[in-house]
Amino acid sequence: MPVCKHSVIFLVLFFVQSLNNCISQSFTTSNRYFDSLNDVYKIKQLDNLFIYLKNEKHFNGTFLVAKGEDILYENVSGYSSYSTKHRLNLHSSFEIASISKSFTAVAVLMLYEEGKVDIHQNVSNYLPDFPYTDITIHQLLCHRSGLPDYFDFAEKYHKNTQYPLTNDSLLSMLQA
């Protein structure tokens, strides 16, 4: 490789490293700045942001900012049901749908790192009643297990739609 190419690669790597250091320093500086602010001022700034989002962007949901276990700010805006105009409150619950997959994956991988779960083992090693004995945890995490679409089961077996489909009822349907 010619010397010129080595120089260009070195300069690019140097630039990337320098940029990384600058970004890291600016985050550290801005965090120190934010930490030094008066809590009352922080809360006022958060409230201003919330009001802006609510009024200008038509925010609908719950807004919570915490540091550690301390809640710095929480507020709510909008409706839990547009059709009934039922207002949201701080105790409103939300269906989180597919985002639960991310939380589950993180929790399982934390258990894996702690040596409490082997993701290459079959699910049935941990859940003896699981009806599919050849499916590994890894396959579930990668969405490659071949499990049937549970919506099909729900339509066929979950007759009482007045009550939500639970994990237990879904497992019962899969075992049927």
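The values are calculated or read from the model by the stated rules, or taken from the named source; none is laboratory data. Since this is a predicted model, take the numbers as computed values, not measurements. Note that each Cβ is placed from the backbone with ideal geometry, even for glycine, and that neighbours are counted across all protein chains shown.
Would you pick out the residues in the range 38-96 that are of a type in the set (D, E) and free of Cβ contacts under 8 Å to residues at least 12 places away in the same chain?
Within the range 38-96, E56, E69, D70, E95 qualify.
Would you point out which residue out of N89, N160, N75 is assigned to a loop (DSSP other than H, G, I, E, B) and either in contact with an Asp or Glu (Cβ under 6 Å, 6 or more places away or on another chain) or under 25 Å from N60 (Cα atoms) (or both)?
It is N89.
Exactly one of these conditions fails for T84: (1) in the same structural domain as K42 (by TED's automatic domain parsing); (2) among the polar types (S, T, N, Q); (3) surrounded by 15 or more Cβ atoms within 10 Å (Cβ to Cβ). Give me its number.
Going through the list (1) in the same structural domain as K42 (by TED's automatic domain parsing); (2) among the polar types (S, T, N, Q); (3) surrounded by 15 or more Cβ atoms within 10 Å (Cβ to Cβ), T84 breaks only (3).
Identify, please: which residue in the range 92-121 is assigned to a loop (DSSP other than H, G, I, E, B) and at pLDDT 90 or above and is, among those, nearest to F50 (Cα to Cα)?
Residue satisfying both the conditions and the ranking: E114.
Of the residues Y132, Y126, which is assigned by TED's automatic domain parsing to the domain that holds L165 and modelled with pLDDT of 90 or more?
Among Y132, Y126, only Y126 is assigned by TED's automatic domain parsing to the domain that holds L165 and modelled with pLDDT of 90 or more.
Tally up the residues in the range 122-131 that are assigned to a loop (DSSP other than H, G, I, E, B) and either touching a residue at least 12 places away in the same chain (Cβ under 8 Å) or among the β-branched types (V, I, T) (or both), please.
Counting residues in the range 122-131 that are assigned to a loop (DSSP other than H, G, I, E, B) and either touching a residue at least 12 places away in the same chain (Cβ under 8 Å) or among the β-branched types (V, I, T) (or both) gives 3.
Matching residues to (1) among the polar types (S, T, N, Q); (2) within 24 Å of the chain's Cα centre (by Cα); (3) under 30 Å from L147 (Cβ atoms):
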| site | (1), (2), (3) |
| --- | --- |
| V76 | no, yes, no |
| H86 | no, no, no |
| A97 | no, yes, yes |
| S100 | yes, yes, yes |
| A105 | no, yes, yes |
| V108 | no, yes, yes |
| V117 | no, yes, yes |
